[in-house]
1. Taking N as the number of residues in the range 1-77, what is its alpha-carbon radius of gyration divided by 2.2 N^0.38 Å?
2. Helix by helix through the chain, keep the DSSP H runs that span 27 Å or more along the axis on Cα and average at least 1.0 on Kyte-Doolittle, and give those back in order.
3. Could you list, in their original order, any pairs among 7/193; 26/79; 70/156; 26/156; 105/171 whose Cα atoms are separated by more than 19 Å?
4. Going out from 0 in 10 Å bins, what whole percent of all Cα-Cα distances in the chain drops into each bin?
5. Provide 59, 5, 102, 24 in ascending order of the number of other Cβ atoms located within 10 Å of each residue's Cβ, fewest first.
6. To the nearest Å, what is the center-to-center distance of the range 69-106 and the range 5-68, using C-alpha atoms only?
7. Report the residue, chosen from 89, 64, 38, that carries the largest GNM mean-square fluctuation when the chain is represented by alpha-carbon nodes joined by springs under 10 Å.
8. Just the Cα atoms of the range 46-146: what Rg and Dmax do they give in Å?
Amino acid sequence: MVSTDLKCVFIHIPKCAGSSINQDLKLQSIGFSGHSPASCHFDYLGNYFSFTFIRNPYDRVASAYKYFQKLTPGHRWYKRNSIIADAAAKMNFNEFVNHILDFQKLMIREEGSFESGIHFQPFDYFLDKEIDYIGRFESIQKDYSYIRSRLNLPIKILRKTNSTNNNDYKKIYSGNTERIVYNMYNQDIKKYKYQF
């Protein structure tokens, strides 16, 4: 996502507050998806301030589960994500986690998918080129204030949009689901020093 006016590139990793940031900065998508990896922004990297936000992978998976559960027919994103949304509606969290590897494969533009597997890709999928700044969902207001200051914008509170109200993700995990998520996202967890 890009703003030529602000001279910035935002790498929108799903379920990391990207919709809020996109709406606040009025960014434009590059290509088909608003979730394009850094390499898709090669024309801008190096010339524009580039940034992203990451989120604890355990929290991110719980947020994805709640997000797909709320996508029902009539929701603006349902048609593009109906395969996972319909599955999530019939699954408890344990079953959902056991299918994440299947969901990751939904990366082609087939009817009812439209790359909805992008929601489950690890950070390295998006951060395939070096960027200037990585903010954290866990310190979003502080990190977003820094980004706004780098863009010479007045500091303001980032308004939540598309939020899943995920106050305590740990409550829906079992020992088994914690292990599965750790095994799938262990590089993200280790590299960015996340814990359950």
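Computed from the coordinates by the stated procedures, all read-outs in this text should not be read as laboratory data. All figures in this text were calculated on a predicted structure; none of them were measured in a lab. Note: ideal-geometry Cβ built from the backbone for every residue, glycine included; neighbour counts use all protein chains shown.
1. Working: Rg = 13.7 Å, N = 77, 2.2 N^0.38 = 11.5 Å.
Dividing the Cα Rg of the range 1-77 by 2.2 N^0.38 Å gives 1.19.
2. Numbers: long enough: none.
Span-like helices here: none at all.
3. Details: 7/193 30 Å; 26/79 24 Å; 70/156 29 Å; 26/156 15 Å; 105/171 28 Å.
In this structure, 7/193; 26/79; 70/156; 105/171 exceed 19 Å between Cα atoms.
4. Per 10 Å bin, starting at zero, the Cα-Cα P(r) for the chain comes out as 9, 36, 37, 17, 2 percent.
5. On the way: 59 21, 5 10, 102 13, 24 17.
Going from least to most buried by this count: 5, 102, 24, 59.
6. 21
7. Among 89, 64, 38, the largest GNM mean-square fluctuation belongs to 89.
8. Reported Rg and Dmax, both Å: 15.3, 46.
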